[in-house]
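Quick notes on the structure that follows.
The values are calculated or read from the model by the stated rules, or taken from the named source; none is laboratory data. This one's a predicted model, so the numbers in the text were calculated from it and none came from an experiment. Here Cβ is always computed from backbone atoms with ideal geometry, including for glycine, and neighbour counts include all displayed protein chains. Ligands, DNA and RNA are stripped out before the accessible areas are found, and what is left, the full protein with its side chains, is counted by its heavy atoms. Shrake-Rupley method; radii C 1.70, N 1.55, O 1.52, S 1.80 Å.
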Amino acid sequence: MKEQMKQILSSYSTQLEQYLESEDKRLYCLEMYNFWPKNVSHFVSVICPKSLSDEQLTSRRKELHLKPVFRKSNRFLLDNEKPKTDYLTSVHIGLKDSGTKSGQIYCVYGDYTYHHYMHGYLEEDPDLFDGIEVPANMKKKMVEKMRKKKAADKSPFEFIAMGSNGAKSDFTSDIDLSEDMKEVELNLTIDLLSRIQENNSISYLINLFSKQMKQILSSYSTQLEQYLESEDKRLYCLEMYNFWPKNVSHFVSVIYPKSLSDEQLTSRRKELHLKPVFRKSNRFLLDNEKPKTDYLTSVHIDYLTSVHIGLKDSGTKSGQIYCVYGDYTYHHYMQDRIDDNGWGCAYRSLQTIISWFRHQSYIDKPVPNHTEIQQALVDVGDKNPSFVGSRLWIGSQEVSYVLSHLYEITSKIMFVSSGAELANKGRELANHFSTNGTPIMIGGGVLAHTIIGVDFSEATGELKFLILDPHYTGGEDLNVIQKK
């Protein structure tokens, strides 16, 4: 089966490429037709444009066979696909030789239908045909002959993927190969995204489309082959996901089993990237596909993301900028209809850090509100139950407890006694942004801030911080925020 799948997908790719390169400027809807030529022990599959007739495909068929073996109308039909009429075909098959000494038999090539007197009588009502009563002895012989014909007329091609209940699978869900399968109908969803320029020519777009189609069909073939060879005994329904990774100028398409979660696909993703860039939840969404509410909470608010983008350099001489990797959401005082002015800055810094993990798809849980943060600290035994609902501040230690308890994220706490000592941590902070890329919470109480980058000079040791201030109380105005 896997070899057939590879051949079929390759054939689809070749056909699409041929029509894309033709002068017809038409991308045909292709359909597969199966044939069982005489004196051939196997089936032959041919892919043809669905809209073209047999006459229009004459030249195509001649490439395959001189005789009209591969006409659409000559395709092989399963029992449930055959016309409902009970005509007999090729009734000479099975007859004994005539006995002519040293004779050579020359016979009709191909099938024919046997037409005779009383042709068209109905087995459901065998006594009547156009008002003529069928003689009893003829009726008995004809009914018996047709029953034998139906009993013997079993297709040798019993490779169908119906479930045990007889329903044919259309491959919109996984197929258990341990069942008594008969036929598999593959519906492959192809979702292509490309970045192009306005001045790209039509021929360029056609070539690009053709190339992508070949790559995608090849990828489908590879994926199906891998799962067919696995011990799982399951043919997964595959789906395509498009991604636009940071610092990459093009989209990346990845095919995953639809039913497997991001956690179940961890090993597959590690083959592609060490960071969770290709999680399903991190796929690229067009505007009409994006959720109507912000994905972080159920509150209808337009959170700003990655507000540092567009800022000018700090001007550090011979400095190198090391910055947060990936998007984050800017959380600050007075958001979410909560007046936390004067006590909630560490909560907001924690929310920003958690939002970064969500944006990079490391976690699926939502960003917690103040009450949920307080309850987490009670649950781990750090605070008394009365702490929930209070206006008491938290510090770096509490932030690490919440990250560990709610998200299983480990933290490193760096202790510094003064701002001057922090200025000596430039190399360590630069290394953090280069390797981990997460925001950093600094301070505690009413003096918590979020570091999202540093400008550090190895030569002079000069260090400047890029600070995201959770104490901001204004609206979601990027121009105002970047000027502060």
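Points to keep in mind about this one:
- Leu350 passes every criterion in (1) open to solvent by 10 Å² or more (accessible area, probe 1.4 Å); (2) outside any loop (DSSP other than H, G, I, E, B) apart from (1).
- Within the stretch 216-237, being touching a Ser or Thr at 6+ places or on another chain (Cβ under 8 Å) and either part of a helix (DSSP H, G or I) or surrounded by 18 or more Cβ atoms within 10 Å (Cβ to Cβ) (or both) holds for Ile216, Leu217, Ser218, Ser219, Ser221, Tyr236, Cys237.
Yes or no, residue by residue, for (1) closer than 28 Å to Gln264 by Cα; (2) among the acidic types (Asp, Glu):
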residue: His308; (1), (2): no, no
residue: Asp340; (1), (2): no, yes
residue: Cys345; (1), (2): no, no
residue: Asp364; (1), (2): yes, yes
residue: Gln374; (1), (2): no, no
residue: Asp382; (1), (2): no, yes
residue: Gly389; (1), (2): no, no
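- Residue in the stretch 417-430 that is assigned by the TED database to the domain that holds Tyr362, at pLDDT 90 or above and under 19 Å from Leu311 (Cβ atoms) present: yes
- Enumeration of residues in the stretch 327-341 that are open to solvent by 10 Å² or more (accessible area, probe 1.4 Å) and assigned to a loop (DSSP other than H, G, I, E, B): Asp327, Met334, Ile338, Asp339, Asn341
- Residue match in the stretch 387-397 (condition: assigned to a helix (DSSP H, G or I) and in contact with a helix residue (DSSP H, G or I) (Cβ under 8 Å, 6 or more places away or on another chain)): yes
- Matching residues in the stretch 405-423 - criterion: being part of a helix (DSSP H, G or I) and in contact (Cβ under 8 Å) with a residue 24 or more places away in the chain: His405, Leu406, Tyr407, Ala423
- Of all residues in the stretch 384-398, none satisfies being in contact with a Leu (Cβ under 8 Å, 6 or more places away or on another chain) and under 27 Å from Ser314 (Cβ atoms).
- Members of the stretch 353-373 that are in a helix (DSSP H, G or I) and either over 20 Å from Gly326 (Cβ atoms) or of a type in the set (S, T, N, Q) (or both): Ser355, His370, Thr371, Glu372, Ile373
- Any pair with Cβ under 6 angstrom, 6 or more apart, that starts in the stretch 39-57 at a residue that is farther than 15 Å from Arg71 by Cβ and ends at one that is modelled with pLDDT of 85 or more: Phe43/Asn34
- The one condition in (1) surrounded by fewer than 19 Cβ atoms within 10 Å (Cβ to Cβ); (2) free of Cβ contacts under 8 Å to residues at least 60 places away in the same chain that Val402 fails to fulfil: (1)
- Lys275 meets all of the listed conditions (1) open to solvent by 20 Å² or more (accessible area, probe 1.4 Å); (2) within 21 Å of Tyr220 (Cβ to Cβ) but one, namely (2).
- The listed residue being without any contact (Cβ under 8 Å) to a residue 40 or more places away in the chain and either within 30 Å of the chain's Cα centre (by Cα) or outside any loop (DSSP other than H, G, I, E, B) (or both), out of Ala430, Ala376: Ala376
- Some residue of the stretch 303-310 being within 27 Å of Asn436 (Cβ to Cβ) and assigned by the TED database to the domain that holds Leu406: no
- Hey, Phe243 over 30 Å from Glu23 (Cβ atoms), modelled with pLDDT of 85 or more and under 15 Å from the mean Cα position of the chain (by Cα) or not: yes
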